[in-house]
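Chemist: The structure is given below, and queries will be raised subsequently.
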Amino acid sequence: MVHIVDEDEDLRQSLVFLFESVGIQTLTYPDAASFLSEFDPAEPAVLIVDVRMPGLSGFPPQEQLLARDFPAPVIFCSAHSDIPMSVLALRQGAVDFLEKPYEPRKMLEVVQEQLLEATRLFARHRRRLEIRSRLETLTPREREVLRLVISGLSSQVIARRPGTSVKTVDVHRARIKVKTESESLATLVRDVLQNQITV
């Protein structure tokens, strides 16, 4: 899915025609507020946003999407772009900054490339949500033990902490494995580290 956020209705419709001519589904919005209230955060997508619009313009929506952990690639567009604006967009996570009027072939190339990237990003995002959900089943003490395991400490070293025995640590480790439905604690640690999840 491609979301097009632009106040120019003619431009929105021209992009719809361009994308649908090659089988790409699109949804359009006249302003950022409409998009933010209507989009489906679970659906893999690419977002095309005009930076200069009345009301909530390009950069604040991008910031809100980052805050919501929405992993869609964002392409910024403007008829009045400049280098500082482009640099800011890219620093905030945009994948490209295109000037209006669009060159259709360039737009299609960028969007098709980013749709493939969106599939990968959303699959990783779903995986992260799944791991976080499993970690939420842990007690504070189990989380603490898991953090120590992730830092590379053995049960014997963890047990040196006041009021803790190796047997107690091993019980916590076993419960962590069962609660998170992990093949092993090593697998869980790998998933947490690979997905950059805070325990």
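The values are calculated or read from the model by the stated rules, or taken from the named source; none is laboratory data. Because the structure is predicted, anything quoted here is derived from the model rather than measured. Methodologically, a virtual Cβ is constructed for each residue, glycine included, from the backbone with ideal geometry; neighbour enumeration extends over all protein chains shown. For accessibility, only protein heavy atoms count, side chains too; no ligands or nucleic acids. Shrake-Rupley method; radii C 1.70, N 1.55, O 1.52, S 1.80 Å.
Chemist: Using only Cα atoms, tell me the angle between helix 185-194 and the longest principal axis of the chain; keep it within 0 to 90° and round to the nearest 10.
Modeler: Result, in degrees: 30.
Chemist: Another one. Divide the volume of the convex hull of the Cα atoms of the chain by its number of residues and quote the answer in cubic angstrom per residue.
Modeler: 146
Chemist: Taking the dipole about the Cα centre of the range 120-159, with the C-beta of Lys and Arg at +1 and of Asp and Glu at -1, give me whichever of Leu148, Thr137, Leu121 is farthest to the positive side.
Modeler: Positive-most Cα among the choices belongs to Leu121.
Chemist: A follow-up question, please. Rounding to the nearest 10 and keeping the result within 0 to 90°, find how far the Cα-based axis of helix 166-179 lies from the longest principal axis of the chain.
Modeler: That helix lies at roughly 40 degrees to the long axis.
Chemist: Of the heavy-atom accessible surface of the chain (probe 1.4 angstrom), what whole percent is carbon and sulfur?
Modeler: Taking all protein chains in place, the chain shows 53 percent carbon and sulfur surface.
Chemist: Once label points are set 7 Å from the Cα along Cα→Cβ at both Asp69 and Thr187, what is their separation, rounded to one decimal in nm?
Modeler: 2.2
Chemist: If you don't mind, there's one more thing I want to ask. So which GluC sites (Glu not before Pro) in the range 99-196 pass both tests, a DSSP loop state and at most 12 other Cβ atoms within 10 Å of the Cβ?
Modeler: The qualifying sites are Glu136, Glu181, Glu183.
Chemist: Tell me the relative contact order for the chain as a rounded percent, counting alpha carbon contacts under 8 Å between residues six or more apart.
Modeler: 15
Chemist: Ok, one more. How much length, in nm to one decimal, is gained on full extension between Asp170 and Arg120, taken as 0.36 nm per residue of separation minus their Cα-Cα distance?
Modeler: 14.4 nm
Chemist: Sort out for me the Cα centre separation of the range 132-199 from the range 1-52, rounded to whole Å.
Modeler: Spelled out, the Cα-based centre of one part sits 43 Å from the other.
Chemist: Just the number please: accessible area per residue for the chain, 1.4 Å probe, all protein chains included, in Å².
Modeler: Roughly 55 Å² per residue, with all protein chains present.
Chemist: Arranged from highest to lowest average of other beta-carbon atoms within 10 Å per residue, in what order do the peptides 44-51, 21-28 appear?
Modeler: Taking the mean over residues of other Cβ atoms within 10 Å, the ranking is 44-51, 21-28.
Chemist: Take the Cα atoms of the range 151-199, build their convex hull, and give its volume per residue in Å³.
Modeler: In the range 151-199, the Cα hull volume divided by residue count equals 84 Å³.
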